[in-house]
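Let me begin by presenting the structure, written as structure tokens, before commenting on it.
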Amino acid sequence: MGPLSDNEKERIAFFTGLTEANYTKLIKFAESKISNRVDAEDIAQETLYIAWRKIDVLMKSPNPEGWLVNTLKYRILKYIEGEGERAKLIGALMAVQSEGYEPTLISDVQSLLSRLSDDEIHIVRLKEQGYTHHEIADMLGVPYGTIASKAFRIKGKIEKQLGEEN
């Protein structure tokens, strides 16, 4: 890799300055909303990751700090929804299971969740919300076949888990 271009240097300097000026504020704001320091730090870091991915848009923003705060608020809302979605996930897992199998204990569901990756859980949530494989692929920016094969593997994991219990 060669030397950085002037544009790359400008992007890095802008992002570094924005991060140094706002990182602690982002964490404090997130922590005030969710009361969990570790998760607040994660949410702040996710916000900055999004900012870096959108750095060209952010640099053109008339209010980059406001952009960061709005993105942080969105990430906090997604976090809070995710906490409530855990209960819905149990229903979603039931909806994709094979006929004839029915987990009866919370520990069964917890064991099942431990076998699914975060991506797989996300796909199950989207399926439970009624999205098609094509819509999920578009949302996640991956080919349809990727979602179809992941859904097939999820179903296999569920069937395996439920089969072990019966």
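The values are calculated or read from the model by the stated rules, or taken from the named source; none is laboratory data. Keep in mind that what you see is a predicted model, and the values were worked out from it rather than measured. Neighbour counts run over all protein chains shown; Cβ positions are idealised from the backbone, glycine included.
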### Task
Could you list all residues from region 57-67 that are over 11 Å from Phe15 (Cβ atoms) and part of a helix (DSSP H, G or I)?
Val57, Lys60, Glu65, Gly66, Trp67
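Quick grid of which residues meet (1) touching a Cys at 6+ places or on another chain (Cβ under 6 Å); (2) under 25 Å from Lys78 (Cβ atoms); (3) modelled with pLDDT of 80 or more; (4) in the same structural domain as Lys78 (by TED's automatic domain parsing):
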site	(1), (2), (3), (4)
Leu116	no, yes, no, no
Lys127	no, yes, no, no
Glu135	no, yes, yes, no
Pro143	no, yes, yes, no
Ala151	no, yes, yes, no
Glu159	no, no, no, no
### Summary
So, first residue more than 21 Å from Asp6 (Cβ to Cβ) and surrounded by fewer than 16 Cβ atoms within 10 Å (Cβ to Cβ) in region 44-73, second residue modelled with pLDDT under 90 and of a type in the set (D, E, K, R), Cβ within less than 9 Å, six or more apart or across chains; the pairs are Lys73/Lys33
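Here is a yes/no grid of residues against (1) surrounded by 11 or more Cβ atoms within 10 Å (Cβ to Cβ); (2) in contact with a Gly (Cβ under 9 Å, 6 or more places away or on another chain); (3) not hydrophobic (A, V, I, L, M, F, W, C):
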{"residue": "Pro3", "(1), (2), (3)": "no, no, yes"}
{"residue": "Gly17", "(1), (2), (3)": "yes, no, yes"}
{"residue": "Phe29", "(1), (2), (3)": "yes, no, no"}
{"residue": "Ser35", "(1), (2), (3)": "no, no, yes"}
### Task
Look at region 42-56 and say how many of its residues are among the hydrophobic types (A, V, I, L, M, F, W, C) and either modelled with pLDDT under 90 or within 13 Å of the chain's Cα centre (by Cα) (or both).
2
